[in-house]
1. Does at least one position in region 171-194 carry a residue that is open to solvent by 60 Å² or more (accessible area, probe 1.4 Å), assigned to a loop (DSSP other than H, G, I, E, B) and on the phi > 0 side of the Ramachandran plot?
2. May I ask you to say which residue of 39, 9 is away from the ligand (no atom under 16 Å from the Cβ) and surrounded by 13 or more Cβ atoms within 10 Å (Cβ to Cβ)?
3. Could you please give the count of residues in region 152-170 that are open to solvent by less than 60 Å² (accessible area, probe 1.4 Å) and touching a strand residue (DSSP E or B) at 6+ places or on another chain (Cβ under 9 Å)?
4. How many residues does region 23-32 hold that are within 20 Å of residue 6 (Cβ to Cβ) and open to solvent by 60 Å² or more (accessible area, probe 1.4 Å)?
5. Considering every residue within region 138-151, establish whether at least one is under 16 Å from residue 39 (Cβ atoms) and in contact (Cβ under 8 Å) with a residue 12 or more places away in the chain.
6. Determine which member of the set 82, 60, 65 is more than 16 Å from the ligand (Cβ to nearest atom) and free of Cβ contacts under 8 Å to residues at least 12 places away in the same chain.
7. Find the helices (runs of 4 or more DSSP H) located wholly in region 42-146 whose residues include 1 or more that are buried (at least 20 other Cβ atoms within 10 Å of the Cβ), and list them.
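The values are calculated or read from the model by the stated rules, or taken from the named source; none is laboratory data. Predicted, not measured: the structure shown is a model, and the values here were computed from it. Note: ideal-geometry Cβ built from the backbone for every residue, glycine included; neighbour counts use all protein chains shown. Calculation scope for accessible area: heavy atoms of the full protein, side chains included, ligands and nucleic acids excluded. Shrake-Rupley method; radii C 1.70, N 1.55, O 1.52, S 1.80 Å.
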Amino acid sequence: MSLFVQMNLTCPECAEVFTYEAVGSVNADRRSDLRDEILEGSFQTVSCSACAHAFRLEPDFNYLDVGRGQWIAALPARNLRDHLEIAADKQAVFDLSYGSQAPAAAQSVGQGLQQRLVFGWPALREKLVLQEIGFDDVLWEVAKLDLLRSLPEAPLAEGVDLRLLGLQQDMLDLAWIRADSEEHLNGFQVSRALYDDIVAAPAPWAAVQALLGASMFVDIQKLFMGEGEDAA
Ligand SMILES: [Zn+2]
């Protein structure tokens, strides 16, 4: 089931203090409306009870969708630097819930679950989009690297992510997005051949594919922070 916890929030606009049901975990099999809200970008958006100012809580919950085979630990964008430690913690959480240390029935559920760790709402949304259109997320990150080689103006930086927004016909909608504020810096389209060509001939990318898929944190961001220790 999905869990919510009462939280005291302070409005950043008028300093009103009010309570809100912050999410602790999402079960998308039972609450497909919560998955829809994540895709729409509205999930956990709060409206102040005094001045109606709207703001969004940072993600900090586990997402489960057994039907689509997804288990995702979603954390605030600002925690990205600690991804190695957090990935180890979340792996332990998964192992207890659905992995080697879980009851047999839970383990059989866990075998069908892809385990992922994301930082920020845009990263979480992208994982849902990739599942929806049938893309392998490791190979998609490889495709981003391939794309970056031909984008000299790429605003890649810590906290600014390249995210897939959706697939229209044969074109992929992408955008550079600030992970914390979700501000879209610019959007553009590329042919889905970018991805399909890599799926058809992945061999030249084997090393980076292994690096990206070595832990539950599957994101090219980890390659740009000088940390490849988890590639073991
Ligand atoms: Zn307010």
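1. Taking every residue of region 171-194 in turn, none turns out to be open to solvent by 60 Å² or more (accessible area, probe 1.4 Å), assigned to a loop (DSSP other than H, G, I, E, B) and on the phi > 0 side of the Ramachandran plot.
2. 39
3. Going through region 152-170 one residue at a time, the tally reaches 12.
4. Qualifying residue count, region 23-32: 1.
5. no
6. Every option except 82 fails the conditions.
7. 83-97, 121-133
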